[in-house]
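Could you have a look at this structure, given as structure tokens, before my questions?
The values are calculated or read from the model by the stated rules, or taken from the named source; none is laboratory data. This is a predicted model, so every value here is computed, not measured. Please note: Cβ atoms are built from the backbone with ideal geometry, for glycine as well, and neighbour counts cover all protein chains shown. Accessible surface is based on the protein model in full, side chains and every heavy atom, while ligands, DNA and RNA are left aside. Shrake-Rupley method; radii C 1.70, N 1.55, O 1.52, S 1.80 Å.
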Amino acid sequence: MSMTGVGGKQEEMEMEMEMRAKQDFDSGQDITPPILPISFSLYDSVLSSHCSSCFSRLPPTVAHVPRHVPLYCSPACYSSHSPLHSSSAESLLPPTCPDSSDLRTALRLLQSLPSTPPHLHRIDGLLTNHHMLTSSSPEVAAKIRQGAIAMAAARKSRNRDNEGQSDGFLLEEAVLSLIITNAVEVQDESGRSLGIAVYDLSFSWINHSCSPNACYRFSISSPHATSSFREDSSSTLRIVPSVSGEECDACGCVEHTKGNKGYELGPKIIVRSIKRIRKGEEVCVSYTDLLQPKAMRQSELRSKYQFTCSCSRCSASPTTYVDRALEEISTCNLSFSSSSFDHNLYRDEASKRVYSYMDETITEFLSVGDPESCCEKLESILNLGLHIEQVESKDGKSQLNFKLHPFHHLALNAYTTLTSAYRICSSDLLALHPEIDECQLKAFDTNRTSAAYSLLLAGATHHLFCSESSLIASAANFWTNAGESLVTLARSSLWNLFVKWGFPISEVSTIAKHKCSKCSLMDIFDAKSILSQAQRVNFEHISSDFLDCVSNMTAKIWRFLARGCHYLEIFEDPFDFRWLGQSWDFHADANRNDEDSKFITEGSYKHQAQWYTKERRIHMYEVGIHCLLYGGILAHICYGQNSQLSTHVLNILYGVDSIVH
Ligand SMILES: C[S@@+](CC[C@H](N)C(=O)[O-])C[C@H]1O[C@@H](n2cnc3c(N)ncnc32)[C@H](O)[C@@H]1O
């Protein structure tokens, strides 16, 4: 079989497709309806906890389920999905396949195709990149070939009479390549990865940009769910296919949104604008993590999707501020006097070493689960940096020290991990010794440090978001997390400890009683339509009012939150980074005042309790509310009013408001 197949015009098949806006959009508008997948599969690791058809979470079960047997939440899911599972031959895949979700998704798609589709470069309009992928690297080619062999073997044993089998594995290879090129990872509301899905042209023809004007979200709901968070499926597709800027007549193929293979259920995808988009402008989403520096993004896009990104962010000259910050490492020469020495030579080496050290630490934490050791190791690299010796010169050996800039992408990853590692330390302490006061105080303090890291992460990401607005989804998530940490801590029953010791600490009240008189965040958030409000008031004003307000309030608690943590104490303010120059370096003790030193060194734990005042509790609560409201507004813009993140914010703010333990 030829690569471009029989009877097709090669030129036509090899055209690069893209999607363009049918009309003008403001940021925060759905530009597609919820689109059903044409093929999808859960990851092996969640097969026993999630419905294989709609991806919703199953109630916990004690029954032993054999590996790779799909489970369903309802008869509707069973009848929608089970026949395909049986006919696609996926149960005949060798049990040794590592994670077979790619192969299962490919087998399901294959099942609905004619045995010899006319083209292997595009199948059902979707680009396979087969030729590029199989000629790019021997490893990728081998992986595709092995997968194709396993798929062909499974199909062969299903059709014992070998009916419809071709001699080679080209079709299997092409479909597997299509999955690699077009599949997206499906995540639940908490960001947990559940599996992969492939959508029809209306989504799959959207190209990538590192400064995209659109993002996507998933709608996962069980057919029997009574939840009110159903997506509005009445909206229409408001983007059109185009070839090099010219609208093309393929529109007919994208008008249907039910999934062209007849799936009635499955994780739906919705595309939404995150910037203003003019009619006719290309709509792009991101295929990669936008908080990675340029070199990492480019390398991932090249190896996975076979293209070199030339978007505005990648081709900016000089490199954008955000991309410089994400990889900024300061170099300090500890014992070498020659100024002619080229530090850059060692910078790449240092980056690699720091990367593998952090990667190992985080992987170890996720697998072994030792949060204390993880915190110690990550903070040591953040504080002390990495020393590289062995620099030979005419003056002898030298020692260089490399430190991550606080916005370095590895530092941002470290803040995320430290937030959860400190939180786990706190619950471990409470679970072990719930009755011992010292342990409760320690648990409170580790939670305080966790909240401080989440605030620093939100502040740092916000700083980058101000220069690169497509980072809105990260900003929404990090502000929400920071808000949740602070509000939870302010509501915590651990404050009773200080009351017990005779410190008058009143409980925090309802959200409404803490309405801020200086900003209108709560009104904007409470308005039925946040978005039209946000647009009217002008989003930039909302952001700057929020930052003014939250900075003023945080100034009253930051030292308290950061206390006792060497790295956090370096930051005088988690939102003001103007003091960080290009060649930044820090002296951890520089910002610590006498009061702070006393706090760390002096007296018994009861003596220290005087720092935990009702004013601090209230400020903490109010900062938390501000972060949640702002995170909720951002979430609304990038995910929509009924999205899981917006609902989560609402639940924290109002759902459990009356429950103050
Ligand atoms: C999901 S498809 C997108 C639609 C595709 N352009 C088409 O013609 O069908 C992904 C593939 O599109 C191409 N692509 C996507 N974004 C691109 C970009 N920014 N620059 C160059 N090629 C891109 C790459 O070949 C990639 O593997």
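Please work out how much accessible surface MET15 shows to a 1.4 Å probe, ignoring ligands, DNA and RNA, in Å² rounded to 10.
70 Å²
How would ASP348, ASP445 rank on accessible area, largest to smallest, probe 1.4 Å?
Descending order: ASP348, ASP445.
Return the distance in nm (one decimal) between the two label points of a simple spin-label model at GLU14 and VAL499, each offset 7 Å from Cα along Cα→Cβ.
Simple spin-label model gives 7.5 nm for this pair.
Can you send over the solvent-accessible area of CYS210, 1.4 Å probe, protein chains only, in Å² to the nearest 10?
0 Å²
Got a sec? What order do HIS121, HIS81 fall in by accessible area at 1.4 Å, biggest, i.e. largest, first?
Correct descending sequence by accessible area is HIS121, HIS81.
So which of LYS518/LYS614; LYS275/LYS513; LYS156/LYS304; LYS143/LYS275; LYS275/LYS515 end up more than 27 Å apart, counting from Cα to Cα?
Check vs 27 Å cut-off fails for LYS275/LYS513; LYS156/LYS304; LYS143/LYS275; LYS275/LYS515.
In Å², what does the accessible area per residue of the stretch 416-530 work out to with a 1.4 Å probe?
38 Å²
So, one more: Taking the Cα centre of the stretch 425-566 as origin and charging only Cβ (+1 Lys, Arg; -1 Asp, Glu), how large is the dipole, in debye to the nearest 20?
With Lys and Arg at +1 and Asp and Glu at -1, about 300 debye.
Here's something else I'd like to know. At 1.4 Å probe size, put TRP611, TRP495 in order of accessible surface, largest to smallest.
Solvent-accessible surface, decreasing: TRP611, TRP495.
Next up: Tell me, what is the 1.4 Å probe accessible area of VAL354, in Å² to the nearest 10?
0 Å²
Run the simple label-point estimate for ASP24 and PHE307 please: 7 Å along Cα→C-beta, distance reported in nm.
Distance between the two pseudo-spin positions: 2.8 nm.
On to the next question. For ALA141 and GLN187 in one chain, what is 0.36 nm times their gap in residues minus the Cα-Cα distance, to one decimal in nm?
In short, 13.8 nm is gained.
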